[in-house]
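Chemist: Just dropping this structure here.
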Amino acid sequence: MSIVEVKQGSLPIILGFPHTGTDVPAEIWSRLNENGQRLADTDWHVDQLYDGLLPGVSTVRATFHRYVIDANRDPAGGSLYPGQNTTALIPETDFDGKAIWRDGEMPTSADTKLRLERFHRPYHEALFDEIQRVRKTHGLAILYDCHSIRSHIPFLFAGKLPDFNIGTNEGTSCSPEIASAVGRIAFAARGYDAVINGRFKGGWTTRHYGKPSSNIHAIQMELTQSSHLATEAPPFDYDEGKAEKLRRHLKDILEIIAQTAIKLGSK
């Protein structure tokens, strides 16, 4: 099993896909309970959603599932949202707070150490290398971290989540120009709603790599799955009609990021 898939592009933009993978090694799969084996918390079809929208972007995609270990969590185990419900480096529950492991099969500290080395570290080594390559080539790199989640999850948030959830770690992970440009497209998209630094402010990836002073910008986009799936329940099928409508706006977002990159690079 390939741990990470990398496609190098010619633009200063990298798309990260830490949660689209569904590969689970047999020895880990057997420890998941029936609920866990549904893999419900996958970012279903998000790599397909962005495919071909902006020729020349680089992509870095984890092939392993987040229940193996979450590539968008702090390897030291720190919480992204202290005081709020969230899932851990190796999740103990799904997004509804329900157990995903068989009785007596909860991952141990030894499991965490092994999976950090086998899965988490290779993904971030590949992502780091691509960021450095792109920055060396263009003078800057922009990481756009691609995510999706169900629109209603009472365990994590009240009510319905906006369709476009833009995260910049409260404005620290990317330049104001990038955040503003993305926000203009998202807030103007008819039939959708949007928020910047709402419930999701950017995961560990965004917070760790986003260093505008070093010409590395990171922004997270968390989409509601209702915006591009036929249903937010199994079998989580891709809805071509919904997706094509959404893809027009995502294309505009990536194109305006590319235009902003040129402006930032000329400063």
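Chemist: I need the full set of residues from the range 9-31 which are more than 29 Å from F128 (Cβ to Cβ) and exposed (fewer than 15 other Cβ atoms within 10 Å of the Cβ), in order please.
Modeler: Selection gives A26, S30.
Chemist: Return yes when T20 is touching a residue at least 24 places away in the same chain (Cβ under 8 Å), touching a Phe, Trp or Tyr at 6+ places or on another chain (Cβ under 9 Å), assigned to a loop (DSSP other than H, G, I, E, B) and of a type in the set (S, T, Y) and no when it is not. So that I can check it myself, show each step before the final result.
Modeler: Details: touching a residue at least 24 places away in the same chain (Cβ under 8 Å): yes; touching a Phe, Trp or Tyr at 6+ places or on another chain (Cβ under 9 Å): yes; assigned to a loop (DSSP other than H, G, I, E, B): yes; of a type in the set (S, T, Y): yes.
So T20 passes the test.
Chemist: Quick test for you: out of L89, L127, pick the one residue that is touching a residue at least 60 places away in the same chain (Cβ under 8 Å) and either within 17 Å of G202 (Cα to Cα) or of a type outside the set (A, V, I, L, M) (or both).
Modeler: L127
Chemist: Take the residues in the range 206-235 that are of a type in the set (D, E, K, R) and either over 17 Å from the mean Cα position of the chain (by Cα) or assigned to a helix (DSSP H, G or I) (or both); name whichever of them is nearest to C174 (Cα to Cα).
Modeler: K211
Chemist: Could you count how many residues in the range 68-90 are out of contact with any Lys or Arg (no Cβ under 9 Å at 6 or more places or on another chain) and of a type in the set (D, E)?
Modeler: 1
Chemist: Could you please let me know if F200 is of a type outside the set (V, I, T), within 22 Å of P75 (Cβ to Cβ) and either in contact (Cβ under 8 Å) with a residue 40 or more places away in the chain or touching a Gly at 6+ places or on another chain (Cβ under 6 Å) (or both)? Before the answer, list the steps.
Modeler: Numbers: of a type outside the set (V, I, T): yes; within 22 Å of P75 (Cβ to Cβ): yes; either in contact (Cβ under 8 Å) with a residue 40 or more places away in the chain or touching a Gly at 6+ places or on another chain (Cβ under 6 Å) (or both): yes.
In short, yes.
Chemist: I would also like to ask the following. Condition first: modelled with pLDDT under 95 and surrounded by 17 or more Cβ atoms within 10 Å (Cβ to Cβ). Now tell me which residues in the range 210-262 satisfy that.
Modeler: A261
The values are calculated or read from the model by the stated rules, or taken from the named source; none is laboratory data. Just so it is clear, the structure is predicted and the values come from calculations on it, not from any experiment. Virtual Cβ from ideal backbone geometry, glycine too; neighbours counted across all protein chains shown.
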